[in-house]
1. Pick from 57, 79: which is under 13 Å from residue 27 (Cβ atoms) and not hydroxyl-bearing (Ser, Thr, Tyr)?
2. Could you list, ordered by first residue, the pairs with Cβ atoms under 8 Å in which the first is in the range 132-156 and surrounded by fewer than 15 Cβ atoms within 10 Å (Cβ to Cβ) and assigned to a loop (DSSP other than H, G, I, E, B) and the second is polar (S, T, N, Q) and modelled with pLDDT of 90 or more, at least 6 apart or interchain?
3. Restricting to the range 116-132, count the residues that are in contact with a Leu (Cβ under 8 Å, 6 or more places away or on another chain) and modelled with pLDDT of 80 or more.
4. Mind listing whichever residues of the range 45-65 are without any contact (Cβ under 8 Å) to a residue 40 or more places away in the chain, surrounded by 13 or more Cβ atoms within 10 Å (Cβ to Cβ) and not in a strand (DSSP E or B)?
5. Give all pairs with beta carbons closer than 8 Å in which a residue from the range 67-82 that is in a strand (DSSP E or B) meets a residue that is small (Gly, Ala, Ser); count only pairs at least 6 apart in sequence or on separate chains.
Amino acid sequence: MDAAKSGTAQYQLQYYLSLSSQPSNAPQPQGSGWFNSGTSTVITGLSPVVPVNNGSQLAFSGWIVDGSPSQAGSVLTIQMNVPHTVVAQYTQQYYLAVSSNLGSVSGGGWYNAGSYAQISASTPPSPTYGVSMVFNGWQGDIQSSAQSTTVLMDGPKSVTASWGTDSTVLYVTIALVIVAVTAVVGITAVAWAKHRKTPVAQS
């Protein structure tokens, strides 16, 4: 103190950024902490899809900033003019495997937990004349006789469309052919027999 001195203590206003994720087993965003007022920070690095186990995954669905839904992109810029609470929101999804022993099916893929998946099976072409394809129903995690139905996705699901054949038309056709041939043969035999019994005119 070799002379009169004056000093001023400078303080910087800061706000806290709290980061978390839902559900709790989803990846946790990094970057929580104190930031100077007026600055901005960018939150990145979250995976869009996180495998949980076979047929189960978490899909990133967006950010919740201070209790309100925000942008859906995986990159979020936060302006630190007030304290912020940011939640990375993930959605539980389950996989639906759809197959068939014949023909084609639709509706397989990933679905949000609790949603309903629409599945359908197209009728395969007849393998031959008189044989039609018969839908035996869905087997596996659901049982339904309808070619188009819904599946509640409350877990990983696997369903198979089963087909059989109906040869009724073929058998009826064969029976009609046999009857027709038999009739023709019978008529021919009777006509031939009458022809042989007819006396030959004498000149």
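1. None of the other options fit; the residue is 57.
2. Taking only residues 6 or more apart or on different chains, the pairs are 155/56.
3. 4
4. Result: 47, single match.
5. Sorted first by the residue in the range 67-82, then by its partner, the pairs are 69/62; 76/70; 77/40; 78/40; 79/38; 79/40.
The values are calculated or read from the model by the stated rules, or taken from the named source; none is laboratory data. Keep in mind the model is a prediction, meaning the values are calculated, not measured. For neighbour counting, all protein chains shown are included, and Cβ atoms are generated from backbone atoms with ideal geometry for every residue, glycine included.
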